Amino acid sequence: MSRRAASKRAVAIGMAALLAIPACGGEDAATRATAGKVALALNWKPEPEFGGLYEAQRMDAFAKRGITLELTGGPGAPVVQMVEAGKVEFGIAAADEVVLARDRGADIVAVFATYQTNPQGIMVHAARGLHSLADVFAAGGTLAVEPGVAYTKFFEKHYDLTKMKIVPYGYSIAPFLGDPTLAQQVFVTAEPIAARRQGADPQVFLIAESGFNPYAAVVITTGARARAETKRLADFVAALREGWRGYLDDPTLANALMGQLNKEMDADTFRLGAAAQQPLIEDAFAKQSGVGAMSLERWATLGRQLQELGLIGAAPAPRDCFVQVETLQSPPEPLR
Amino acid sequence: MKPRFVETFVPPAATFLLTTAAAEFGIRAAGVSPLLLPTPSAVARAALQHAPTLLPALAMTAQAVAIGLALSIALGLLVAIALSTSRWVERAFYPYAIFFQIVPIVAIAPLLVIWFGYGMRAVVAAAFIVSVFPVIANSLAGLLSVDPALRDLFRLYGASGFARLWKLSLPWALPNVLTGLRIAAGLAVIGAIVGEFVGGGGLGVVVLEAMRQQRTDLVFAAVLHAAALGLALFAAVNATSHFALRRWHTQETEP
């Protein structure tokens, strides 16, 4: 290793250490690699969206392939940065984050897309009698969304949002419960179920209805790692797919495991969330090509949409955005 | 005038140039990804390119900070005066003033939206909550430290309560009040940004958007705008302090 490369590596490790302080302790990537361990940074608490990961852990799908997986991260973890800095081998992100990262010069690739249909939606009170996203925006009121999310920009371009007062979403449904004209972003596996339990009558319109449908809960890694460690990556994805197969067939045990780690979500919500996300994960395409598979066409569409929204300079080559591990020899024909 | 100017501005300017240059070359030489740490020149470019977003956001944050800080000064002083009227009142309430000072604003920020609704009012409330206690604590310390001999003198001459407050206690406490204001000015900016994270608007939302869109350079640019706002307020308090105190407090007359 040259001096320059060594100093680059020192800085990268230093940065990674800084970034990882809130996320995980101790071990760096080099130590893990020698022990056959990999780390994956989650971007949220253990919830049904990560069901397949926990099921794979529970059924030793990783272990029997010689992989020791450590799950780290959590809400607010800078997952893309942690992966890029090499602090963790894998992370969970949304497909639009992958394209943004590539545009910003980071070599991030997707290797597994949990949701074929994006599980995010806009929740309103059913009593308002709205029938579509267009209805929601035409009716006006307050819209609580995370500032800067791509789909808000997409909405602004394709709908008339002038009647909406857009405010930050603070990860609490309390404002929704208190305001009959408030609409807010949700993950179909979480907030609508919580709102119903609190006595509200929520109705959800998926953002995918607008035509903006990036893959979600995407497992990411660096392009360099994907190219260099094809076999290990194939094993990893195979284990992940096995875990998801198990979770889709019976989420009970993995839900119990996650419930111990995330006491804020009760068993009922886990059960309902797992049921709600099933059709978004295993649609016709996933049934044919396998859970987590991705299509070139979908990445091309996303790149084009993000470019039209001005969020990226030039749309990245869709082929660079993802690695279809299980079919490295022959990429599947895009369905749809 | 000239040597004074050199003395005041050259050392910080030199520090600024040296650290900026070191950061620029260090980051480039180490090949750090712009996603992790942008170079100062990239931050400057982002600031220029996004000026149409940053400047209105800065104005919005500044407005909330100004209102929050003004409320803090007015109410903080009144509370300090009330607490200084008697030992019993002070003992009854001062511990709670300290307690509220310790309440982490980040933790209660989401509640502000429920209490005050989205928008400017929640942001002003956040700026007020974090900035009022330094005003109370420092003003009270000043009001309670009045020279007992002077207090006796005022009593001997039969000065009214108002005269004692207006002509003795408040002028005596002024340096402490201004120290409280210096602390409050910086905190009000932090409070407003945290308030904007939940209530919307201003530099707070620019930071969130830039984070979400992986524009680390723009995050830094927005943070620098917020810091500049805090610095401007600090300078304003210092200027006030200079004009108000240069006649009589040694702290301001000594070079």
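Every number in this text was worked out from the coordinates using simple rules, so none of it is lab data. Remember, predicted model here, so these are calculated numbers, not experimental data. Cβ coordinates were reconstructed from backbone atoms using ideal geometry, including for glycine residues, and neighbour counts include every protein chain displayed.
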*asked:* Could you tell me the center-to-center distance, by alpha carbons, between the range B:59-103 and the range B:119-136 in angstrom?
replied: 10
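Using the structure shown, list the pairs from A:Lys37/A:Lys263; A:Lys45/A:Lys87; A:Lys87/A:Lys157; A:Lys64/A:Lys87; A:Lys163/A:Lys263 with a Cα-Cα distance above 29 Å, or answer none. Intermediate values should be presented prior to the final figure.
Values: A:Lys37/A:Lys263 27 Å; A:Lys45/A:Lys87 19 Å; A:Lys87/A:Lys157 37 Å; A:Lys64/A:Lys87 24 Å; A:Lys163/A:Lys263 39 Å.
Going by Cα-Cα distance, A:Lys87/A:Lys157; A:Lys163/A:Lys263 fall outside the 29 Å limit.
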*Take the range B:86-220, drop everything but the C-alpha atoms, weight them equally and run the Debye formula without solvent; then report log10 I(q)/I(0) at 0.17, 0.19 Å⁻¹ to two decimals.*
-0.93, -1.04
*Kindly identify the protein assembly as shown as rounded, prolate or oblate by the Cα gyration tensor criterion: order the square roots of the eigenvalues as a ≥ b ≥ c, call it rounded if a/c is under 1.5, otherwise compare a/b with b/c, prolate if a/b is larger, else oblate.*
prolate
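Calculate the all-directions average of the projected area of chain A's alpha-carbon convex hull, and give it in nm². Please report the intermediate quantities before stating the final value.
On the way: hull surface 69.4 nm².
If you wrap the Cα atoms of chain A in a convex hull and average its projections, you get 17.3 nm².
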*Mean separation of Cα pairs under 8 Å and 6+ residues apart, divided by the residue count of the range B:121-255: what relative contact order is that in percent?*
30
*asked:* With just the Cα atoms defining each centre, how far is the range B:186-242 from the range A:211-249? Give it in Å.
replied: 39
*Return one number: the angle in degrees, 0 to 90 and rounded to the nearest 10, between the long axis of the Cα atoms of helix A:296-308 and the longest principal axis of the Cα atoms of chain A.*
60
*Which longest uninterrupted range of chain B lacks any chymotrypsin sites (Phe, Trp or Tyr not before Pro) assigned by DSSP to a loop state (not H, G, I, E or B) and surrounded by at most 16 other Cβ atoms within 10 Å?*
B:1-156
*State whether the range B:179-231 is rounded, prolate or oblate according to the following rule on the C-alpha gyration tensor (a ≥ b ≥ c being the square roots of its eigenvalues): a/c under 1.5 gives rounded; otherwise a/b larger than b/c gives prolate, and the remaining case gives oblate.*
oblate
*asked:* Given all pairs of different Cα atoms, what value in angstroms does the Kirkwood hydrodynamic radius of the range A:120-210 take?
replied: 12.9
_Bridge type composition, chain A - antiparallel percent by DSSP, nearest 5_ = 50
*Hey, can you grab everything whose amide H is under 5 Å from the amide H of A:Glu70? Only 5+ residues off in sequence or another chain; H modelled, so Pro and N-termini drop out.*
A:Val38, A:Ala39, A:Leu40
*Per residue of A:125-138, what is the mean number of Cβ atoms on other protein chains within 10 angstrom of that residue's Cβ?*
0
*Work out from phi, with θ = phi - 60° and the Karplus expression 6.51 cos²θ - 1.76 cosθ + 1.60, the ³J(HN,Hα) of each residue of the range B:88-104, listed in order in whole Hz, and give x for Gly and Pro.*
5, 4, 4, 5, 6, 10, 4, x, 6, 4, 5, 4, 5, 5, 8, 4, x
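Just to be sure I understand: of the beta bridges DSSP finds with both ends in the range A:120-210, what percent are antiparallel, rounded to 5?
Working: 9 of 17 bridges.
Around 55 percent of the beta bridges assigned by DSSP in the range A:120-210 are antiparallel ones.
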_Note, ³J(HN,Hα) from phi for the range B:233-239, Karplus 6.51, -1.76, 1.60, rounded to Hz, x at Gly and Pro_ = 5, 4, 5, 5, 5, 4, 5
_Gyration tensor verdict on the range A:158-211 (Cα atoms; rounded if a/c is under 1.5, prolate if a/b is larger than b/c, oblate otherwise)_ = oblate
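Beta carbons within 10 angstrom, averaged per residue: use that to sort the peptides B:133-139, A:147-153, highest first. Numbers along the way, then the final one.
Details: B:133-139: 24.3, A:147-153: 21.7.
Highest to lowest by the protection proxy: B:133-139, A:147-153.
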*Hey, got the average number of other protein chain Cβ atoms within 10 angstrom for residues in A:169-175?*
4
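Need one number: % antiparallel among DSSP beta bridges in the protein assembly as shown, to the nearest 5. If you can, show how the numbers build up before the last one.
Details: 18 of 35 bridges.
Percentage antiparallel, nearest 5: 50.
Considering every residue in B:131-144, what mean count of other chain Cβ atoms within 10 Å of its Cβ is obtained?
Working: counts 0, 0, 0, 0, 0, 0, 0, 0, 0, 0, 0, 0, 0, 0.
Taking the mean over all residues of the peptide, I get 0.
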